[in-house]
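Student: Have a look at this one.
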Amino acid sequence: MTATEWITDIALVLIVFRQLREGRLDHKTFLLPLAIVAFVAYSYLDSVPTGGNDLVLIAALTAVGAALGIAGGIYTRIRALDGNLLIKAGAVSAVLWVAGMGARMGFQTWVEHGGGADDVARFSLAHHITGQQAWVAAFVLMALTEVVTRVATIFVRSRTVRAGAALPVLGRTA
């Protein structure tokens with residue numbers, strides 16, 4: 001992994017850790033993570049391969065990203081106080097976020113430095129995945145989908161809280 005990849009992944013993890021402490025929900029809450037994944041997508045998503053079972057791999061990891069993002073957004077507390085909306089990521093939200101980001105970082109480190117390249121090549125051959133770009137696209141789209149669905153879930157929930165009809169979170173009102 002390059003220094004840029006480490007910095008980008010760590011920045012995405014730190015976004016949720018920053019939200020472990022309750023703070024004001026504002027444009028930065030939405031724009032910062034979206035800007036980071038837009039940069040990642042622009043930098044690494046050259047193409048989306050469609051040969052063999054590439055789309056199956058991409059769809060599977062994108063679905064995992066969506067599930068992690070939606071769950072992370074649901075397990076983030078949003079409440080109104082003095083005309084402002086406050087946000088606080090719960091422990092479940094943080095664990096899901098770190099698990100998603102950590103899994104991608106761990107996979108890439110394993111492939112590049114842990115001897116996993118041969119295993120991934122054998123898996124790819126056995127499952128008709130055409131090459132490295134399919135894996136790159138799958139993991140980039142997983143990250144992009146996780147961030148976008150988490151931000152979208154928080155946005156939708158914040159509109160509901162602002163309207164005065166708080167959604168329940170884990171059996172409580174937000």
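Student: Considering the chain as a Gaussian network with a 10 Å cut-off on Cα pairs, which listed residue, 39, 17, 155, attains the greatest mean-square fluctuation?
Tutor: The residue that fluctuates most here is 39.
Student: I've got another one for you. May I ask you to compute the full-extension gain from residue 107 to residue 82, defined as 0.36 nm times their residue separation minus their alpha-carbon distance, rounded to one decimal in nm? Display every interim value, and only then the final one.
Tutor: Details: separation 25, 0.36 × 25 = 9.00 nm, distance 4.44 nm.
Taking 0.36 nm per residue and subtracting the Cα distance, the gain is 4.6 nm.
Student: Before I look further, what does region 47-174 give for accessible area per residue, probe 1.4 Å, in whole square angstrom? Intermediate results must be reported in sequence, preceding the final value.
Tutor: Numbers: 6300 Å² over 128 residues.
Per-residue accessible area for region 47-174 comes out at 49 Å².
Student: Could you give P(r) for the chain, binned at 5 Å from zero, as whole percent values over all Cα-Cα pairs?
Tutor: Histogram of Cα-Cα distances, whole percents per bin: 1, 9, 16, 20, 17, 13, 9, 7, 5, 2, 1, 0.
Student: Enumerate the calculated ³J(HN,Hα) couplings along region 49-59 in order (Karplus 6.51 cos²θ - 1.76 cosθ + 1.60, θ = phi - 60°), each rounded to whole Hz, writing x wherever the residue is Gly or Pro.
Tutor: x, 10, x, x, 9, 4, 5, 5, 4, 4, 5
Student: Antiparallel DSSP bridges in region 1-98: what percent, to the nearest 5? Don't jump to the answer; show the numbers that get you there.
Tutor: Numbers: 8 of 8 bridges.
So the antiparallel bridges in region 1-98 amount to around 100 percent.
Student: Counting helices only, and only those DSSP H runs with n ≥ 4, report the 222 nm mean residue ellipticity of the chain as the sum of -39,500 (n - 2.57) divided by its residues, in deg cm²/dmol to the nearest 500. Working shown, then result.
Tutor: On the way: 6 runs with 120 residues, N = 174.
Using -39500 (n - 2.57) per qualifying helix, the result is -23500 deg cm²/dmol.
Student: Something else: Taking amide H positions as placed 1.01 Å from N in the peptide plane, with prolines and chain starts having none, which residues 5 or more places from residue 90, or on another chain, fall under 5 Å of its amide H?
Tutor: 76, 77
Student: With a ≥ b ≥ c the root eigenvalues of the C-alpha gyration tensor of region 63-124, is it rounded (a/c under 1.5), prolate (a/b larger than b/c) or oblate?
Tutor: Values: a/c = 5.25, a/b = 3.31, b/c = 1.59.
In terms of gyration-tensor shape, prolate.
Student: Sticking with this one: Tell me the relative contact order for the chain as a rounded percent, counting alpha carbon contacts under 8 Å between residues six or more apart. Don't skip to the answer; put the middle values down first.
Tutor: On the way: 226 pairs, mean separation 63.1, N = 174.
In percent, rounded to a whole number, it is 36.
Student: Run the simple label-point estimate for residue 163 and residue 127 please: 7 Å along Cα→C-beta, distance reported in nm.
Tutor: My value for the distance between the label points is 4.0 nm.
Student: Given a 1.4 angstrom probe, I'd like the percentage of the accessible area of the chain that is carbon and sulfur, rounded to a whole number.
Tutor: Values: 6200 of 9180 Å².
The C+S portion of the solvent-accessible surface of the chain is 68 percent.
Student: Average the reciprocal distances over every distinct pair of alpha-carbons in region 24-109, invert the result, and give the Kirkwood radius in Å. Intermediate results must be reported in sequence, preceding the final value.
Tutor: Working: mean 1/r = 0.0662 Å⁻¹.
Averaging 1/r across every pair of different Cα atoms and inverting gives 15.1 Å.
Student: Another question about this same structure. Going by amide H atoms built from the backbone, whose H comes under 5 Å of the H on residue 25, apart from near neighbours?
Tutor: The answer is 85, 86, 87.
Student: Relative to the longest principal Cα axis of the chain, at what angle does helix 132-162 sit, 0 to 90 degrees, rounded to 10?
Tutor: 10
Student: Hey, if you put +1 on the Cβ of every Lys and Arg and -1 on every Asp and Glu Cβ in the chain, which of 49, 133, 99 ends up farthest toward the positive end of that dipole?
Tutor: Result: 99.
The values are calculated or read from the model by the stated rules, or taken from the named source; none is laboratory data. In this text the structure is predicted, and so the values were computed from the model without any measurement. All Cβ positions, even for glycine, are placed from backbone atoms using ideal geometry, and neighbour counts span all protein chains on display. The protein model used for the area step is the full one, side chains on, heavy atoms only, and it has no ligands, DNA or RNA in it. Shrake-Rupley method; radii C 1.70, N 1.55, O 1.52, S 1.80 Å.
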